[in-house]
Structure formats: structure tokens, C-alpha cells
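Report on the following structure.
The values are calculated or read from the model by the stated rules, or taken from the named source; none is laboratory data. Bear in mind that the values here come from a model prediction, so they are computed numbers and not experimental data. All Cβ positions, glycine included, derive from the backbone under ideal geometry; neighbour counts span all protein chains shown. Areas reflect the complete protein model, heavy atoms only, side chains present, ligands, DNA and RNA absent. Shrake-Rupley method; radii C 1.70, N 1.55, O 1.52, S 1.80 Å.
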Amino acid sequence: MSKIIKRSDVDDVGRRNINKNSFKNRMFDGKRSMEDAYTKEKIFYASHDHFTPNTTANIDHIETIDGLIKEYGKDVSKEELKRVLNSDYNLAVTSEALNKAKSSQSNHEYLLQQIKKGHPKDLKTSYNMLSKELSAKMAIKTEINTMKVTKFVSKEKIISSKTATQLGNS
């Protein structure tokens, strides 16, 4: 598949944040606050001008948009990549400050950068970030491989039925 996939093609802000049944709304489940998936500190649904970026929730793509485009963009369609990228197993509720500091880095890249800067994250946060990354990677790899196998099997069935039709016509 020769195509150029842009971030805007595969990010689904509605599924993450806006829609009634968005990941954020389902995770907060009508509550005003919850535990940050990485730091385990209390974070709030919205800032309302009295919470800081450290306490206001953002939805993080655990495996980054750019990373998944680079790794799988040639193997699956935009729609398939969008579905995988915005699946619950690849999303985490974290603070706005952490999500923005992480930017387009994977969790392990961000943690390494913090160590190099002399600002290592505490062990609990590091463990939670790495654990979430590993779980997301495994789920994504499984789903992408299932898609590839399904496509291959479908093509083989088409080829087999064409071959059988051709043999029947000879």
C-alpha cells in the first residue's frame, strides 16, 4: 500500500475526548476526578480555571501516532490504523502536563529523556508508563497481525476459487 498517512488521518479526537461515549467520558464515568494512569495522582476532568496542568486530565496515545504510522502505515489501511491507534488499550488518562511533556515520544523515550536531563521520574510512574507501553504494544501487534493474516487468507480464498473456476472451465 503506497500511501502517505498524516496524523490528522488517524487521530480521533471525538473518540478520545469529545463524544458522549469517548474514552475520557467512559473513564471518568460521571465523576469529577480519577487516578492518573501513570502517576496514580488525583487528576480532574476539566480545569475550570482552578486546576493546574498537573491536575487536569488529558488522553494520551500510549503508542504514539507518529510511531504507529511509521511502523504499520504501509501494512494496513488508514481506517484500520485509526481503529488500532484509538483503541482503549492504546489510550491512558494522564495529566495535561505529562502528556504535553511527552509530546510525540513513546513512554520509554520520554523516560530516558527525563533521565538524561537529570529529572528522572519516580519508580512508580516509570513502572506504570513502561507497563502500559508494553501492554499496548502487544495488543497492537496482535491486532495488526490478525488483520494481515485475515487479508492474506481472504486473498488466498479468492485465488483458490478463481483457480477452481478455471479448472472447472477447462
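Couple of notes before you dig in:
- Within the stretch 106-129, tally of residues that are among the polar types (S, T, N, Q) and in contact with a Ser or Thr (Cβ under 8 Å, 6 or more places away or on another chain): 3
- Contacts under 8 angstrom Cβ, first residue in the stretch 16-40 being on the phi > 0 side of the Ramachandran plot, partner open to solvent by 90 Å² or more (accessible area, probe 1.4 Å) and charged (D, E, K, R), 6 or more apart: K40/K124
- Single condition K31 does not satisfy, out of (1) within 14 Å of E96 (Cα to Cα); (2) loosely packed, with under 13 Cβ neighbours inside 10 Å: (1)
- For the condition in contact with a strand residue (DSSP E or B) (Cβ under 6 Å, 6 or more places away or on another chain) and either of a type in the set (G, A, S) or surrounded by 15 or more Cβ atoms within 10 Å (Cβ to Cβ) (or both), T94 qualifies.
- Pair list, Cβ under 9 Å, 6 or more apart: the stretch 76-89 residue free of Cβ contacts under 8 Å to residues at least 60 places away in the same chain, other residue surrounded by fewer than 16 Cβ atoms within 10 Å (Cβ to Cβ) and outside any loop (DSSP other than H, G, I, E, B): Y89/S135; Y89/M138
- Top-ranked residue of the stretch 1-11 - restricted to ones that are surrounded by 15 or more Cβ atoms within 10 Å (Cβ to Cβ) and either part of a helix (DSSP H, G or I) or more than 14 Å from the chain's Cα centre (by Cα) (or both), ranked as modelled with the lowest pLDDT: I5
- Any hit, the stretch 122-145, residues being touching a helix residue (DSSP H, G or I) at 6+ places or on another chain (Cβ under 6 Å) and of a type in the set (F, W, Y): no
- Only one entry in K151, K132 is modelled with pLDDT under 95, open to solvent by 50 Å² or more (accessible area, probe 1.4 Å) and of a type outside the set (A, V, I, L, M, F, W, C), namely K151.
- Residue selected from the stretch 40-81 under the condition in contact with a Phe, Trp or Tyr (Cβ under 9 Å, 6 or more places away or on another chain) and either assigned to a helix (DSSP H, G or I) or open to solvent by less than 30 Å² (accessible area, probe 1.4 Å) (or both), by the criterion nearest to K24 (Cα to Cα): I59
- Considering the conditions (1) among the small types (G, A, S); (2) open to solvent by 30 Å² or more (accessible area, probe 1.4 Å); (3) in a helix (DSSP H, G or I), G14 is excluded by exactly one of them, (2).
- Filtered residue count, the stretch 2-33, keeping only those that are more than 25 Å from F51 (Cβ to Cβ) and among the polar types (S, T, N, Q): 2
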